[in-house]
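The structure appears right after this line, and notes come after that.
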Amino acid sequence: MKAAAVKQNGWHCPAENALTLLSGKWRSMILYWLMDEPLRFNELQRRLGAITHRTLSKTLKDMEEDGLVARKDHREIPPRVDYSLTPRGRSFQPVLQAMELWSQKDSL
């Protein structure tokens, strides 16, 4: 899914692009786990828990197309591929931290 803002009836919400980039069950969690360090596919899958190989592969590919994640193939045998955040992906760090603080509040 290539993220892009969609204008309907001439109206556009400024947060729409961010929400589109974070849409889906796994995207924000992938960004969260990649904030500290690059991770290999299997380590990322272990940290995410219930995600299937197919779903993680597709989500990472989509996030790479959206410019959030970088894939580095080390061209080794056995294959070694690392995933890391791009500067655009890293720019979501304050958003994710704010979401974490918000979710911890007892005000709801």
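The values are calculated or read from the model by the stated rules, or taken from the named source; none is laboratory data. What you are looking at is a predicted structure, and each value in this text was computed from that prediction instead of being measured. Just the protein is used for accessible areas: all its heavy atoms, side chains included, with ligands, DNA and RNA removed. Shrake-Rupley method; radii C 1.70, N 1.55, O 1.52, S 1.80 Å.
Using Cα-Cα distances under 8 Å and only pairs 6 or more residues apart, what relative contact order does the stretch 27-90 have, in percent? It would help to have the intermediate numbers written out before the result.
Details: 71 pairs, mean separation 25.0, N = 64.
Once normalised by length, the contact order is 39 percent.
Under the rule of -39500 (n - 2.57) per DSSP H run of 4 or more residues, summed and divided by the residues of the chain, what mean residue ellipticity at 222 nm is obtained, to the nearest 500 deg cm²/dmol? Could the numbers behind the result be given before it?
Details: 6 runs with 52 residues, N = 108.
Helix-only estimate at 222 nm: -13500 deg cm²/dmol.
Rounded, prolate or oblate: pick one for the stretch 60-108, where a ≥ b ≥ c are the square roots of the eigenvalues of its C-alpha gyration tensor, a/c under 1.5 means rounded, and failing that, prolate if a/b is larger than b/c, else oblate. Provide the component values of the computation, followed by the final result.
Values: a/c = 3.83, a/b = 2.62, b/c = 1.46.
It comes out prolate by the Cα gyration axes.
For percent of Cα pairs over 20 Å apart, one of (1) 37; (2) 45; (3) 54 was computed from the structure I shared and the rest are decoys. Which label?
For percent of Cα pairs over 20 Å apart, the calculated option is (2).
Can you count the Lys pairs in the chain whose Cα atoms are under 17 Å apart, with each pair 8 or more apart or on different chains? Mind showing how you got there, number by number?
Details: Lys2/Lys25; Lys2/Lys58; Lys2/Lys61; Lys25/Lys58; Lys25/Lys61; Lys58/Lys72; Lys61/Lys72.
Value for the chain: 7.
State the percentage of accessible surface on the chain attributable to carbon and sulfur atoms; use a 1.4 Å probe and exclude ligands, DNA and RNA.
That share works out to 54 percent.
If one takes the longest principal axis of the Cα atoms in the chain, at what angle in degrees, from 0 to 90 and to the nearest 10, does the Cα axis of helix 93-104 lie?
Once rounded, the angle reads 70 degrees.
Write down the accessible area per residue of the chain in Å², having rolled a 1.4 Å probe over the full set of protein chains.
Numbers: 7630 Å² over 108 residues.
Per-residue accessible area for the chain comes out at 71 Å².
Using alpha-carbon pairs under 8 Å, 6+ residues apart, how would you state the relative contact order of the chain in percent? All intermediate terms of the calculation are to be shown ahead of the outcome.
Details: 95 pairs, mean separation 27.5, N = 108.
Over the chain, the number comes to 26 percent.
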